[in-house]
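Here's the structure we're looking at; comments come further down.
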Amino acid sequence: MNYKLWLAEQTASKLEGVSVEALAEWIEYPPNPQMGDLSLPCFKLSKQLRKAPQAIAEELQQGWGEHPAVERVEAVAGYLNVFLNKASFAADVVSEVLAQGERFGSQNIGEGRSVVIDFSSPNIAKSFHIGHLRSTVIGRALYNIFKFLGYNSVGVNHLGDWGTQFGKLIVAYKLWGDEAAVEAGGIDELQRLYVKFHDEADVKPELEDEARAWFVKLEQGDEEAHKLWRWFVEISLKEFHKMYDLLGVKFDSYAGESFYNDKMAAVLEELKTKQLLEEDDGALLVKLEDYNMPPALMVKKDGGTLYHTRDVTAAIYRKHTYDFEKAVYVTDAGQSLHFQQWFKVIELMGYDWAKQLVHVPFGKVSLEGAKLSTRKGNVINLEELLTKAIEKTREIIEEKNPELENKEEVARQVGVGAVVFNDLSNNRIKDIVFSWDEALNFEGETGPYVQYAHARACSILRRAGAVDTASAKLELLTEPAEQGLVRELHLFKERVVQAMDKLEPSIISRYLIDLAQVFNRFYKECPILKADVNADVQAARLALTKATTVALTNGLALIGLDAPEKM
Ligand code: ARG
């Protein structure tokens, strides 16, 4: 059961005019068990009830009698501190975890309504950089979290497969490119051509005009332009898929920017009819000065469309196609203005669902002060990062556990897991200075640390042999370390909902670190397999260990990590 809600209901019935929801919001889990398992800060109520917090706490302390779920209730310094009955608390929580198994922590909040998550969305012919990794892992976690909470998650990879850069690339390829070199070098070679274009265009500006002309040709369906473009897309996708396979990421749709080519005219027409489009020196734009924003450019002077045009069109298409309740866009914070601008355009078009559009920004990644820019070619090669992480894990396995079965798979699960977890371990909005050492660190608050706690728990269960957790006397789990673990398990469900509400996967990663830590404490303080442990106590501790593996596995899965049983 949900103990916060339960206490809120208990106290609401003793107070007039205070809602259960408000109380549930205020009730805290005290950091120190000396202050109870749950605590209500009564100063939250004192204004409404016109009473001192301590007086309220003392009133609420009355009338608990011999409540079976409660050990004792204290009124201290304006707080109502509730100490749960340890036996019933443990039995209730652990049996629930075990009964729900892989569904533990899930709820049907979404009732099947759709949430579209636009994430990863790398750009064709440019490298998949660490910013895209962030979008990929944050977006994938949000996808899983919404799904776990009963939504129909729709993952869209809005590939950057359209735009003036393709005009540049075509010019560069025709001038300096070579088919075999592109086939062999892939994105690196395309990027080399792209960088060369910019270097040359610095001294030969007419190249820019040529590039613009080629992009217009592409937009008009010119056969040669289209063939080259298609080829660039295929070469890039091949490399992106390598990354997605390593990360274990899937999308429901790969409808990228080019998908909207034949859909933009109707939207531009609609903007015109709604009198939102203004001409400015040959270009068409939506003025946003009333909202303190620069105008959203929709059509350039040369007739080319823009990132904005395609995002507005895509949103309308997605609303029709998926009837979303929320559409989430995961990109770095540098694009915030872009999203604010076109969200406003949707609103001005009269679509009330504009408020369902949400930008989920994340902080920039810098590399020792250097700026991450594809133009300079100064990027962390992500494939290299993941490969290095896997290699390092392989070495550790060879050293510590050379007999391990399916070493390769475990090396991938743990190596990639370390990189992903590292990315998700801070609030997403925080800027990150990328460090190889940190991304490849397996000690401390890392993914491998959590995965290792899980593997350790699995190993205990294996060594114990067949465990009948169903008949275990869970009410025996009253030791402080056992109770600490029970408390942490009980928190999981709430943390998942918080992660969804705040669109913040790091809430799950931090929870997992806490859970692994309290499990390790339990493992140290409460012997399980030692000969002198009473059989009933042993069975109960094994059940608690099993419940921990369930919560760790479910939590890791939400943020995209596997939970190997051996490592
Ligand atoms: N391709 C863009 C980039 O690499 C991200 C696209 C995000 N999604 C969107 N609908 N604008 O920065």
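The values are calculated or read from the model by the stated rules, or taken from the named source; none is laboratory data. Please read all numbers here as calculations on a predicted model, not as lab measurements. Here the Cβ positions follow ideal geometry from the backbone for every residue, glycine too, while neighbour counts run over all protein chains shown.
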Exercise. Taking region 302-335 as the search range and keeping residues that are among the basic types (Lys, Arg) and in a helix (DSSP H, G or I), which one is farthest from the ligand (Cβ to nearest atom)?
Worked result: 319
For this session: Scan region 82-131 for residues that are within 16 Å of the ligand (Cβ to nearest atom) and part of a helix (DSSP H, G or I) and report the count.
Result: 2
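If you go through region 125-172 one residue at a time, how many are β-branched (Val, Ile, Thr), more than 16 Å from the chain's Cα centre (by Cα) and modelled with pLDDT under 95?
Residues flagged as β-branched (Val, Ile, Thr), more than 16 Å from the chain's Cα centre (by Cα) and modelled with pLDDT under 95 within region 125-172 amount to 1.
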Exercise. Identify, please: which residue in region 336-356 is charged (D, E, K, R) and closer than 17 Å to residue 271 by Cα and is, among those, farthest from the ligand (Cβ to nearest atom)?
Worked result: 352
Exercise. Can residue 187 be described as away from the ligand (no atom under 16 Å from the Cβ) and among the β-branched types (Val, Ile, Thr)?
Worked result: no
Exercise. In the list 79, 151, which residue meets the criterion of being closer than 30 Å to residue 354 by Cα, touching a strand residue (DSSP E or B) at 6+ places or on another chain (Cβ under 6 Å) and more than 16 Å from the ligand (Cβ to nearest atom)?
Worked result: 151
Exercise. Within region 232-269, how many residues turn out to be surrounded by fewer than 18 Cβ atoms within 10 Å (Cβ to Cβ) and either in the same structural domain as residue 410 (by TED's automatic domain parsing) or outside any helix (DSSP H, G or I) (or both)?
Worked result: 5
Problem set entry | Selection status of residue 419, aliphatic (A, V, I, L, M), closer than 30 Å to residue 500 by Cβ, modelled with pLDDT under 95 and within 16 Å of the ligand (Cβ to nearest atom) | no
Exercise. Restricting attention to region 154-175, and to residues there that are crowded, with 22+ Cβ neighbours inside 10 Å, closer than 16 Å to residue 228 by Cα and of a type in the set (Val, Ile, Thr), which single residue is nearest to the ligand (Cβ to nearest atom)?
Worked result: 170
